[in-house]
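Input: a single structure, listed below in structure tokens.
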Amino acid sequence: MQSFENQIAFITGGASGAGFGQAQVFGRAGAKIVVADIRAEAVAKAVADLTAEGITAHGITLDIMDRAAYAAAADEVEAVFGAAPTLLFNTAGVNSFGPVENTSYDDFDWIIGVNLGGVINGMVTFVPRMIASGKPGHIVTTSSVGGLMGSALAAPYSAAKAAVVNLMEGYRMGLEKYQIGVSVLCPANIKSNIAEASKLRPAQFGQSGYVENEDSIASLHSIHQHGMDPVELAQHVKAAIEANQLYVIPYPEMKDALRAHFDAIVDSVLPLEADPEGARLRTEALQNWAADRARVFMEKQGAK
Ligand SMILES: NC(=O)c1ccc[n+]([C@@H]2O[C@H](COP(=O)([O-])OP(=O)(O)OC[C@H]3O[C@@H](n4cnc5c(N)ncnc54)[C@H](O)[C@@H]3O)[C@@H](O)[C@H]2O)c1
């Protein structure tokens with residue numbers, strides 16, 4: 001996608017941080033913006049700020065964990081703007097830090113529920129609508145560099161973000177034929193309000209194994225105040241959409257750590273000489289199976 005003029009952009013977490021930066025950058029580039037966020041007051045303020053600078057913006061208060069509300073939000077976008085979004089930004093996320101061995105079910109359920117479940121809900125809600133619109137589009141999901149390596153202090157977050165990277169790799173392959181691009185953004189540090197995320201924890205996920213208090217929040221602010229400006233980050237995202245780039249990781253300080261991590265994985269793979277005949281048979285079996293399943297699926301589609 002090269003022009004953002006009159007595109008419809010649905011941005012989860014659009015009321016703050018990275019999401020609000022995306023609303024500003026894509027709004028200034030001519031897109032109509034939907035700010036979808038769980039905090040109603042922040043949604044109203046974001047829409048007012050965008051509107052004040054001449055951007056067409058609509059706000060929806062949405063908990064991305066709520067599937068019925070998500071479908072209603074999608075209907076609302078079509079009612080307001082007359083079409084499905086052509087740009088989907090799965091940006092909303094929450095985090096909480098504590099030792100992996102202390103992690104409770106509520107920690108897992110909330111953090112994975114928002115960061116992975118919320119993205120799944122976005123994809124299942126919008127992908128069929130984007131395909132049905134017949135228009136080229138682009139989806140950007142915000143993961144994290146934490147999704148590219150394990151973490152002993154943010155294990156549920158890291159696991160959810162890892163799943164999101166993998167999911168976007170799959171969707172990118174699947175959606176190419178519909179001219180829908182898919183990118184995954186892996187930030188390292190954003191100047192945002194994520195330090196306050198624990199305040200959004202719903203009562204039903206209240207039993208945390210971590211320490212969440214004003215002191216832990218202040219300590220996180222000390223990191224994020226030095227993070228990348230959300231507008232600058234969104235400009236990297238815009239360039240990545242224009243180049244139809246899968247991975248968006250505009251953080252040079254992460255290069256060596258990521259290289260060491262992925263080298264360790266690749267180095268653990270046996271060389272081909274270790275089992276050439278077995279490797280050939282397994283590869284062939286998989287390719288034959290995939291070709292057969294693709295044929296069956298195409299026939300089923302054709303029969304509809
Ligand atoms: N801040 C960082 O350093 C950093 C690093 C890597 C990745 N990220 C990711 O970037 C994304 C944006 O975060 P941010 O740093 O801008 O934080 P932020 O807190 O400023 O913005 C996140 C927004 O998501 C909203 N939100 C939270 N739960 C929601 C829910 N259930 N439904 C709808 N909206 C919800 C919040 O209200 C908030 O407005 C997140 O996915 C986060 O995990 C952030």
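Where a number appears in this text, it was derived from the coordinates with a stated rule and is not lab data. Given the structure is predicted, the values throughout are model-derived calculations rather than measurements. Neighbour counts run over all protein chains shown; Cβ positions are idealised from the backbone, glycine included.
Once you list every other residue whose beta carbon is under 12 Å from the beta carbon of TYR210, what net charge do they have if Lys and Arg are +1 and Asp and Glu are -1? Within the 12 Å Cβ shell, the charges total -3. Phi angles across the range 162-170 convert, under the Karplus curve 6.51 cos²θ - 1.76 cosθ + 1.60 with θ = phi - 60°, into 3J(HN,Hα) values of 5, 4, 5, 4, 4, 4, 5, 4, x Hz, Gly and Pro given as x.
Show me the ranking of peptides 89-101, 122-134, 160-172 by mean Cβ neighbours inside 10 Å, starting with the highest. It would help to have the intermediate numbers written out before the result.
Working: 89-101: 21.6, 122-134: 17.7, 160-172: 19.5.
Highest-to-lowest ranking by the protection proxy: 89-101, 160-172, 122-134.
Each peptide in 234-241, 52-59 gets a packing score, the mean of other Cβ atoms within 10 Å over its residues, and the list from highest to lowest is 234-241, 52-59. Judged by the mean number of other Cβ atoms found within 10 Å, the most tightly packed of the peptides 248-254, 17-23 leads the ranking 17-23, 248-254. Applying the Karplus relation 6.51 cos²θ - 1.76 cosθ + 1.60 with θ = phi - 60° to the range 199-216 yields 3J(HN,Hα) values of 5, 8, 5, x, 4, 5, 10, x, 8, 8, x, 9, 9, 10, 8, 4, 5, 5 Hz, where x marks Gly and Pro.
Electrostatic tally near GLY21: other residues with Cβ closer than 13 Å to its Cβ, Lys and Arg +1, Asp and Glu -1, net 0. Amide hydrogen proximity for ALA57: with H placed 1.01 Å from N in the peptide plane, the residues at 5 or more positions away or on another chain lying under 5 Å are ILE33. Diagonalising the gyration tensor over the Cα atoms of the range 8-253 and scaling each eigenvalue by 5 before taking the square root yields semi-axes of 27, 19, 18 Å, largest first.
Both radii were evaluated on the Cα set of the range 155-266; the Rg over Rh quotient, with Rh as the Kirkwood radius, amounts to 1.02. In order along the range 137-144, phi translates into HN-Hα couplings of x, 8, 10, 10, 10, 8, 9, 5 Hz, rounded to whole numbers, per the Karplus curve 6.51 cos²θ - 1.76 cosθ + 1.60 with θ = phi - 60° and x for Gly and Pro.
Fully extending the segment from MET298 to ASN213, taken as 0.36 nm per residue of separation minus the present Cα-Cα distance, adds 25.2 nm.
For the range 259-304, the list of GluC sites (Glu not before Pro) that fall in a loop by DSSP and count at most 11 other C-beta atoms within 10 angstrom is empty.
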